[in-house]
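Enquirer: This structure is in structure tokens; I'll ask about it shortly.
The values are calculated or read from the model by the stated rules, or taken from the named source; none is laboratory data. For clarity, every value in this text was computed on a predicted model and none was experimentally measured. Counting neighbours? That spans all protein chains shown, and the Cβs are built from the backbone with ideal geometry, glycine included. Please note that ligands, DNA and RNA were not included when accessible areas were found on the heavy atoms of the full protein model with its side chains. Shrake-Rupley method; radii C 1.70, N 1.55, O 1.52, S 1.80 Å.
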Amino acid sequence: MEPLTRARFLAHARNRGFLARVERSRAIVREALGRCQNPYIGFSGGKDSTCTAALVLEQRPGTPLVYLDARCAFPEVSQFLSRLEARGETVIRWPCRPFLEILAEHGLHSDAVEQATMRHTVWEPVAALQQAHGYDAAFLGLRAEEAPGRQ
């Protein structure tokens, strides 16, 4: 990251409004953690799930990070997961149907491809994950426009 860009981000991180939003997020996480015993963090390696992971892990270290592995990760994500494991974080790379198989079966522009992708890379793997580990909560970093498809 360029020094000027880094300086801008650091200055923003000291902004009162930003600090208030971070504290509000911490309070939401604290309340949610008080309602569950065995949560996990749904982790994609993107900025939203990385922020969510940081907020949860600062309050409950050791909460597992679950990566739904459809074998289509960017190399940087795989490397990031390995760095998290090396620093002692619990990372579960949960297998799901390979994304390219889903595309081969349904086609890139098929009406069914989005539904099949969600079924094979989110809904079914998450159900199996919860059954196998007994999780009672999931922390997800979602942008507002992503939420409807991931419900």
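Enquirer: Do we find that residue 8 is touching a residue at least 40 places away in the same chain (Cβ under 8 Å), at negative phi, not acidic (Asp, Glu) and not in a strand (DSSP E or B) in this structure?
Expert: It is false that residue 8 is touching a residue at least 40 places away in the same chain (Cβ under 8 Å), at negative phi, not acidic (Asp, Glu) and not in a strand (DSSP E or B).
Enquirer: Next up: Of the conditions (1) more than 28 Å from residue 27 (Cα to Cα); (2) more than 14 Å from the chain's Cα centre (by Cα), residue 136 fails just one. Which one is it?
Expert: Going through (1) more than 28 Å from residue 27 (Cα to Cα); (2) more than 14 Å from the chain's Cα centre (by Cα) one by one, residue 136 breaks only (1).
Enquirer: If you scan segment 69-93, which residues turn out to be open to solvent by less than 50 Å² (accessible area, probe 1.4 Å), not in a loop (DSSP other than H, G, I, E, B) and not polar (S, T, N, Q)?
Expert: Within segment 69-93, 69, 77, 81, 84, 91, 92 qualify.
Enquirer: Then there's this: Under the condition of being more than 19 Å from the chain's Cα centre (by Cα) and either of a type in the set (Asp, Glu) or under 19 Å from residue 44 (Cβ atoms) (or both), which residue from segment 94-112 is surrounded by the most Cβ atoms within 10 Å (Cβ to Cβ)?
Expert: So the residue we want is 102.
Enquirer: Conditions: (1) buried (at least 17 other Cβ atoms within 10 Å of the Cβ); (2) modelled with pLDDT under 95. Residue 119 meets all but one. Number of the miss?
Expert: Unmet condition: (1).
Enquirer: Within segment 7-42, count every residue that is at pLDDT 95 or above and either touching a His at 6+ places or on another chain (Cβ under 6 Å) or aromatic (Phe, Trp, Tyr) (or both).
Expert: Here the count works out to 1.
Enquirer: How many of the residues in segment 29-55 are part of a helix (DSSP H, G or I) and surrounded by 11 or more Cβ atoms within 10 Å (Cβ to Cβ)?
Expert: 12
Enquirer: Right, next: Identify all residues within segment 56-68 that are open to solvent by 80 Å² or more (accessible area, probe 1.4 Å) and either part of a loop (DSSP other than H, G, I, E, B) or touching a residue at least 40 places away in the same chain (Cβ under 8 Å) (or both); write none if there are none.
Expert: The answer is 61, and nothing else.
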